[in-house]
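Visitor: Please find one structure pasted underneath; my questions will follow.
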Number of protein chains: 2
Amino acid sequence: MTASIHDLNAYMAELGAAARRAATAMAAAPTAAKNAALLALARRLRAQGPALQAANAKDLDAAVAAGLDAPMVDRLRLTPKVLETVAEGCEQLAAMADPVGEITGVKRRPSGISVGQMRVPLGVFGMIYESRPNVTIEAASLAIKSGNACILRGGSEALQSNLVLAALVRNALAEAGLPADAVQMVNTTDRAAVGHLITMPEFVDVIIPRGGKGLIERISREAKVPVIKHLDGNCHVYVDAEIDLEQALAVADNAKTHKYSPCNAAESLLVHERQAAAFLPRIGAIFAAKGVEMRCCGISRRMLVDVPGAKVVAATEADWSEEYLAPIISIKVVTGLDEAISHINRYGSHHTDAILTTNHPNAMRFLREVDSASVMINASTRFADGFEYGLGAEIGISTDKFHARGPVGLEGLTSLKWVVLGQGEVRG
Amino acid sequence: MTASIHDLNAYMAELGAAARRAATAMAAAPTAAKNAALLALARRLRAQGPALQAANAKDLDAAVAAGLDAPMVDRLRLTPKVLETVAEGCEQLAAMADPVGEITGVKRRPSGISVGQMRVPLGVFGMIYESRPNVTIEAASLAIKSGNACILRGGSEALQSNLVLAALVRNALAEAGLPADAVQMVNTTDRAAVGHLITMPEFVDVIIPRGGKGLIERISREAKVPVIKHLDGNCHVYVDAEIDLEQALAVADNAKTHKYSPCNAAESLLVHERQAAAFLPRIGAIFAAKGVEMRCCGISRRMLVDVPGAKVVAATEADWSEEYLAPIISIKVVTGLDEAISHINRYGSHHTDAILTTNHPNAMRFLREVDSASVMINASTRFADGFEYGLGAEIGISTDKFHARGPVGLEGLTSLKWVVLGQGEVRG
């Protein structure tokens, strides 16, 4: 790094140019070298635990001194368990098939040429994230396996930890004969660095932000390159007219109460009017026992208000759009599948929605007509996750329709180019 | 249309809201209804030939009166042949498999759920194009088959033709029981309409511009939604050290001279130094006979300057980046595959590039390392085209890496959502 950090423009351009050079080498890197880098990284993460925790302690001390609340401080912490988890993640990625170079759908055309598609890296991605420093390793390892370069911009409160983690990654890359600049950490807490990172189309092909809705909206608005963005998760569970009652109770309970803070937790429960009398008092008792507040439409409110211990309040129009991330759920009785689908498409956030039903035509209509990144039949919305889907890891969850939708793994960091295999064909 | 055309903001919002409503119906439309609409459209195009040509005559008269040059006026003309071609295109689309609803890659996960992906429409696309009114039918028919709605903004010089064509499409949709608003034509020549169309993310999911580079750069810069854009096509043919000489001559000739104006015509010829003496005088004679000007590096210039009738000039640095769309080609002798690949990745436009070789490792390296939307072995760059690739039709050619790359057909107008098929699974 020769540019002074005080000349932010030159510094970011230098990172960008180095990333672009590294991306060319990474795109052509042998699978064996990429896997060797991932295994070296896992080994270094385990061997360097004490050094990592010393760097992490500086961030933790500063966070406590700055008065960050306990959950924020906890998210910063690189415990042995966190380090072991990311090391195992690197080993799992090494064991996965290389997505780069895969050729699919080759078909012979009447002209004589054969046409197919080859999967190739996107190039350089910029990642902007907050607090948890393990995201550094997740992003770096996905970049390595997918043959991309990345520029990482972690939270300022995790900078010391992130710099040490990035140095580990760079050493692992060098050990495997790959360019260290394939993974670079922005070494400044200056917020203006983000503004540069998202407006360098000559160096950065796509931006992946993780953070609060405000941050992501701002980045989407100001970026000069595509953004793989995750906005909110207002996920629905719809209980249809024909159900397996015990199964529906278990799934609705899990979708809401397994964890309250993830984006794939259910925030709204829709119940077919023919099931309301059987289903609502039972789920209401479960929610009451777990302290989940129920924000209800008129009908559901009357059916739930007498459940012992239930916190039942009248829902407002705003509740149907709300992502609570808390022990609160909105509840509405609907006249049928049509109303359920149109309610979800209107008020939902196109993240993850599930139908609980034993009726096949209804299940298929829900699958096709609900316009969300993940649509589920008889399963908890909590499964909407790169690991659960078998992607090996996820760089983020997209609520967009363009390019990648839902959990984004290795494939979301690649694109398909056309390949034409000829024997001297010319166009007539 | 109730909004006054003088209130452009309200008019465009009305088109947008109608498109959004129609998109919901189109996404759920039965395959049979979409095919019926396409066949009805083909029938109406043939039956309404005289009416269409009367509307077209108004545009042609106005174009001549406005002093448009002859090639521009020709592009406007709806000849019986043009109408028959677009009618056949509709029938071909009707005969193709429906991309919507296709479910792929379903795998059982250890949790018990099955996870796969379903292909669904993008929603609403806005298309901005110039002169040729047959694009109206191409865009409308692709929208119908892919289950999208579209808002079309054709050139002002083709407005009368486009309005009559759009009315045909809307009648065909209605005949098939589908919403006429799935295809709407912007009925004003006010240029500000484009500004509205590209900044309505609540109504329009993606913009597809076709036109000059300046227009497309401006749209990309100002759009608030993703743009599937096609910039220039600086396509290369690289003649490797080991070749079938006669085949290489035929392919290089075809790539340059089959047609000069398409974006997939070759603009630059790279020749391995070991083939230069054998290949260059032969291709030089072919180009000389067809009046193709050769802009040459020092070595190729010395080898070509004595070819009888050859127009040989010294290439400048700017020539390596130039898209001539004319009987001009730049020619450079290179030391080998490495130089060829890095030259193409540096000066090319990531559109279409071909290697001519009998060496398998070199062919595979070129395929993998050239960073272009279409990469070809022993075939003319002129094949880079939706019809030639078997897409049935193309809405455009993308020079981006994100989402769709190269010729964009039905699949490029769709995205993949995740589907989860469960039997009551919950997350533990």
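The values are calculated or read from the model by the stated rules, or taken from the named source; none is laboratory data. Quick caveat: nothing in here was measured; it's all calculated off a predicted structure. As a convention, Cβ positions derive from the backbone with ideal geometry for all residues, glycine included, and neighbour counts pool all protein chains shown. The area values use the complete protein model at the heavy-atom level, side chains included, leaving out ligands, DNA and RNA. Shrake-Rupley method; radii C 1.70, N 1.55, O 1.52, S 1.80 Å.
Visitor: So what's chain A giving for Cα Rg divided by 2.2 N^0.38 Å, two decimals?
Guide: 1.10
Visitor: Then there's this: Near A:Lys58, which lysines are there with a Cα under 20 Å away, not counting those fewer than 8 places off in the same chain?
Guide: List returned: A:Lys81.
Visitor: If you don't mind, another one. Could you calculate the contour length gain from A:Ser156 to A:Asp338, that is, 0.36 nm times the residue separation minus the distance between their Cα atoms, to one decimal place in nm?
Guide: Once the chain is fully extended between A:Ser156 and A:Asp338, it gains 60.8 nm.
Visitor: A:Ala10 label points, 7 Å along Cα→Cβ, one per copy: pairwise distances from this copy to the rest in nm, shortest first?
Guide: 5.7
Visitor: For segment B:125-133, take each phi angle, set θ = phi - 60°, evaluate the Karplus expression 6.51 cos²θ - 1.76 cosθ + 1.60, and give the result in whole Hz per residue in order, putting x for glycine and proline.
Guide: 10, x, 10, 10, 8, 10, 6, 4, x
Visitor: Whole-Å semi-axes of segment B:28-187's equivalent ellipsoid, largest first, each the root of 5 times a Cα gyration tensor eigenvalue?
Guide: Sorted largest first and rounded, they come to 36, 16, 13 Å.
Visitor: Using a 1.4 Å probe on the protein chains only, how many percent of the accessible area of chain A belongs to carbon and sulfur?
Guide: Roughly 53 percent of what the probe reaches on chain A is carbon or sulfur.
Visitor: Once every DSSP H run of n ≥ 4 in chain A is given -39500 (n - 2.57) and the sum is divided by its residues, what mean residue ellipticity at 222 nm do you get, rounded to the nearest 500 deg cm²/dmol?
Guide: Helix-only estimate at 222 nm: -13500 deg cm²/dmol.
Visitor: Taking each residue of B:364-375 in turn, how many C-beta atoms of other protein chains fall within 10 Å of its C-beta, and what is the average?
Guide: The per-residue average across the peptide is 4.
Visitor: What residue among A:Ala289, A:Leu337, A:Leu249 has its Cα farthest toward the positive end of the dipole of segment A:235-388, where the charges are +1 on Lys, Arg and -1 on Asp, Glu, each on the Cβ?
Guide: Going by the Cα projections, it comes out as A:Ala289.
Visitor: Once the dipole of segment B:1-85 is set up with Lys and Arg at +1 and Asp and Glu at -1 on Cβ about the Cα centre, which of B:Gly67, B:Ala22, B:Asn35 lies farthest towards its positive end?
Guide: B:Asn35
Visitor: Moving on. Return the sequence-ordered ³J(HN,Hα) values of segment A:316-332 in whole Hz as given by the Karplus equation 6.51 cos²θ - 1.76 cosθ + 1.60 applied to θ = phi - 60°, using x for Gly and Pro.
Guide: 9, 3, 5, 4, 5, 9, 7, 9, 6, 6, 7, x, 9, 9, 8, 9, 9
Visitor: What is chain B's relative contact order, in percent, from Cα pairs under 8 angstrom and six or more apart in sequence?
Guide: 17
Visitor: When you look at the Cβ of every residue in B:108-118, what mean number of other chain Cβ atoms sits within 10 Å?
Guide: Mean shielding by partner chains, rounded to a whole number: 4.
Visitor: Here's something else I'd like to know. Excluding ligands, DNA and RNA, what is the solvent-accessible area per residue of the protein assembly as shown at a probe of 1.4 Å, expressed in Å²?
Guide: It amounts to 37 Å² per residue over the protein assembly as shown.
Visitor: In the structure displayed, which of A:Lys417/B:Lys34; A:Lys34/A:Lys224; A:Lys229/B:Lys224; A:Lys213/A:Lys401; A:Lys417/B:Lys145 lie more than 20 Å apart, Cα to Cα?
Guide: Result: A:Lys417/B:Lys34; A:Lys34/A:Lys224; A:Lys417/B:Lys145 exceed 20 Å.
Visitor: If you place +1 on the Cβ of every Lys and Arg, -1 on the Cβ of every Asp and Glu, and leave all else neutral, what size is the dipole of segment A:150-274 about its Cα centre, to the nearest 20 Debye?
Guide: That gives segment A:150-274 a dipole magnitude of about 580 debye.
Visitor: Using a Debye calculation, one point per C-alpha and no hydration shell, please list log10 I(q)/I(0) for segment A:29-79 at q = 0.14, 0.20 Å⁻¹ in order.
Guide: Reported log10 I(q)/I(0), two decimals: -0.51, -0.71.
Visitor: For the protein assembly as shown, what is the charge dipole size about the Cα centre, in debye to the nearest 20, if Lys and Arg each add +1 at the Cβ and Asp and Glu each add -1 at the Cβ?
Guide: Using only the charged Cβ atoms, the result is roughly 420 debye.
Visitor: Let me ask you something else. Once you charge only the Cβ atoms, +1 for Lys and Arg and -1 for Asp and Glu, what is the size of the charge dipole of segment A:235-388 about its Cα centre, to the nearest 20 debye?
Guide: Dipole size: approximately 340 debye.
Visitor: Relative contact order of segment B:126-170: what whole-number percent is it, with Cα pairs under 8 angstrom and at least 6 residues apart?
Guide: Answer for segment B:126-170 is 51 percent.
Visitor: Another question about this same structure. If packing is taken as the mean number of other Cβ atoms within 10 Å per residue, what is the order of B:328-340, B:262-274, highest first?
Guide: B:262-274, B:328-340
Visitor: Also: Could you order the peptides B:153-163, B:23-33 from most to least packed, using the average number of other C-beta atoms within 10 Å per residue?
Guide: Sorting B:153-163, B:23-33 by mean packing, highest first, produces B:153-163, B:23-33.
Visitor: I want to verify the translational diffusion coefficient of the protein assembly as shown in µm²/s; compute it with Stokes-Einstein, Rh as the Kirkwood radius over Cα pairs, at 10 °C and 1.306 mPa s.
Guide: 54
Visitor: What is the calculated FRET efficiency for A:Thr31 to A:Arg221, with r their C-beta to C-beta distance and R₀ = 41 Å, to the nearest 0.05?
Guide: The calculated FRET efficiency here is 0.60.
Visitor: So, one more: Give the relative contact order (percent, whole number) for segment B:235-388; include only Cα pairs under 8 Å separated by 6+ residues.
Guide: 31
Visitor: By average Cβ neighbour count within 10 Å, what is the ranking of A:401-413, B:90-102 from highest down?
Guide: By packing density, highest mean first, the sequence is A:401-413, B:90-102.
Visitor: Related question: How would segment A:235-388 be classified by its alpha-carbon gyration tensor: rounded, prolate or oblate, with rounded meaning a/c under 1.5 and the a/b versus b/c comparison settling the rest?
Guide: Here segment A:235-388 falls in the rounded category.
Visitor: Given the options A:Ala176, B:Pro308, B:Ser156, identify the residue whose Cα lies farthest towards the positive end of the charge dipole of the protein assembly as shown (+1 on Cβ of Lys, Arg; -1 on Cβ of Asp, Glu).
Guide: Of A:Ala176, B:Pro308, B:Ser156, it is A:Ala176.
Visitor: Then there's this: Using r as the Cβ-Cβ distance of B:Leu245 and B:Leu325, and R0 as 35 Å, what FRET efficiency do you calculate, to the nearest 0.05?
Guide: 0.80
Visitor: In chain A, which helices (entire DSSP H runs) extend 20 Å or more along their own long axis, judged by Cα positions, while averaging at least 0.5 on the Kyte-Doolittle scale?
Guide: In chain A, the long hydrophobic H runs are A:159-175, A:273-289.
Visitor: Separate question: How big is the gap, in Å, between the Cα center of segment A:329-377 and the Cα center of segment B:262-292?
Guide: Comparing the Cα centres of segment A:329-377 and segment B:262-292, I get a distance of 60 Å.
Visitor: Near A:Lys332, which lysines are there with a Cα under 21 Å away, not counting those fewer than 8 places off in the same chain?
Guide: Partners within reach: A:Lys256, A:Lys290, A:Lys311.
Visitor: If you don't mind, another one. Along Cα→Cβ at 7 Å, what distances in nm separate the A:Asp244 label point from those on the other copies, shortest first?
Guide: 6.0
Visitor: Check which residues have an amide H placed less than 5 Å from B:Cys296's amide H, if you skip close sequence neighbours.
Guide: Excluding prolines and chain starts, which carry no amide H, the hits are B:Val313, B:Ala314, B:Ala315, B:Ile331.
Visitor: Mind checking A:383-389 for the average number of partner chain beta-carbons within 10 Å of each residue's beta-carbon?
Guide: 5
Visitor: Further question on the same structure: Taking the label point 7 Å from Cα in the Cβ direction, how far apart in nm is A:Pro201 from each other copy of itself, listed shortest first?
Guide: Inter-copy label distances (nm, one decimal, shortest first): 1.7.
Visitor: Which Rg and Dmax, in Å, describe the Cα atoms of segment B:13-110?
Guide: 19.7, 71
Visitor: From the backbone phi of segment A:402-410, what are the Karplus-calculated ³J(HN,Hα) couplings (6.51 cos²θ - 1.76 cosθ + 1.60, θ = phi - 60°) in whole Hz, Gly and Pro given as x?
Guide: Result, ordered by residue: 7, 6, 10, 10, x, x, 10, x, 4 Hz.
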